Each structure stands twice: as structure tokens, then as C-alpha cells.
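To start, the structure under review is shown below, and the notes come after it.
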Amino acid sequence: MHGHDIQHIKWRGRNVHVHQYSTQTSVNDGHSHTVQGVTSSAKNTMGHVHNYEGTTTFDDGHVHRFSGTTGPPIYTADGTHYHMITGTTTFND
């Protein structure tokens, strides 16, 4: 599991926010990659999700692409929230 930092911004007069994310892929073929970035913005509504996409770090002579949609918000006792991200990178032979 991993956490997210929340940044609140105003976009066209509406309260929206994004999350930063950073995590490691599984270890395959003797190496792993870092997956990191900033999600798309979303309104502060119950059940919202974010899109994410990017390129992994350059390790073992190559990179992978990744993209997806977060799960819904998971709220914490202090009123903040985080989202889970799961998925698979592109395949490099």
C-alpha cells in the first residue's frame, strides 16, 4: 500500500484536487521500476476517481508505460482520503 499527498487547487472557480503518487513495480527479470506522477484533477465529491498515466523510471536499459483509473476514495479518521492504484505496465521483451 502507499499513500498520496493531496493538493487542493481551483480550476475555473471549482474546488478540485490532485494526488501525487510514487510506488515500485513488482520485481520481474531481476529488476523493478518506480512508478510516479500526479493524477488528473477531480472534484471533491464522494466516489470520485482520478486518471493517471506515465512512464516508469529507466532501469535495466528500458522503460515501461502505464495508465489507469484510481479506485474510489478511502477516507481516513482525520477527514482526508487516498486512492488505491493497481495495474500492469506495458510489456518489454
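Within the stretch 71-93, which residues are of a type in the set (Val, Ile, Thr) and outside any loop (DSSP other than H, G, I, E, B)? Matches in the stretch 71-93: Ile74 only. Quick one: would you say Thr69 is within 13 Å of the chain's Cα centre (by Cα) and at pLDDT below 95? No.
Being over 20 Å from Thr86 (Cβ atoms) and in a loop (DSSP other than H, G, I, E, B) is the filter; apply it to the stretch 38-65 and report the residue that is modelled with the lowest pLDDT. Among those residues, the one meeting the criterion is Asn44.
Just one of (1) open to solvent by 50 Å² or more (accessible area, probe 1.4 Å); (2) not in a loop (DSSP other than H, G, I, E, B) fails for Gly68. It is (1). Of the set (1) at positive phi; (2) touching a Gly at 6+ places or on another chain (Cβ under 8 Å), all apply to Asp29 but (2). Inside the stretch 36-82, residues that are among the hydrophobic types (A, V, I, L, M, F, W, C) and either more than 14 Å from His17 (Cα to Cα) or touching a residue at least 40 places away in the same chain (Cβ under 8 Å) (or both) make up a count of 5.
Could you please let me know if Val63 is closer than 16 Å to Thr88 by Cα, out of contact with any Leu (no Cβ under 6 Å at 6 or more places or on another chain), open to solvent by 20 Å² or more (accessible area, probe 1.4 Å) and of a type in the set (A, V, I, L, M)? Working first, answer last.
On the way: closer than 16 Å to Thr88 by Cα: yes; out of contact with any Leu (no Cβ under 6 Å at 6 or more places or on another chain): yes; open to solvent by 20 Å² or more (accessible area, probe 1.4 Å): yes; of a type in the set (A, V, I, L, M): yes.
It is true that Val63 is closer than 16 Å to Thr88 by Cα, out of contact with any Leu (no Cβ under 6 Å at 6 or more places or on another chain), open to solvent by 20 Å² or more (accessible area, probe 1.4 Å) and of a type in the set (A, V, I, L, M).
Residue count for the stretch 13-30 satisfying the condition of being in a strand (DSSP E or B) and over 17 Å from Phe66 (Cα atoms): 5. Only a single item in (1) over 18 Å from Gly37 (Cα atoms); (2) of a type outside the set (Ser, Thr, Tyr); (3) surrounded by 12 or more Cβ atoms within 10 Å (Cβ to Cβ) is not met by Asp78, and it is number (3).
The values are calculated or read from the model by the stated rules, or taken from the named source; none is laboratory data. Small disclaimer: the values here were computed from a predicted structure and weren't measured. Positions of Cβ are generated from backbone atoms using ideal geometry, with glycine treated the same way; all protein chains shown enter the neighbour counts. Note: areas computed on protein heavy atoms with side chains; ligands, DNA, RNA excluded. Shrake-Rupley method; radii C 1.70, N 1.55, O 1.52, S 1.80 Å.
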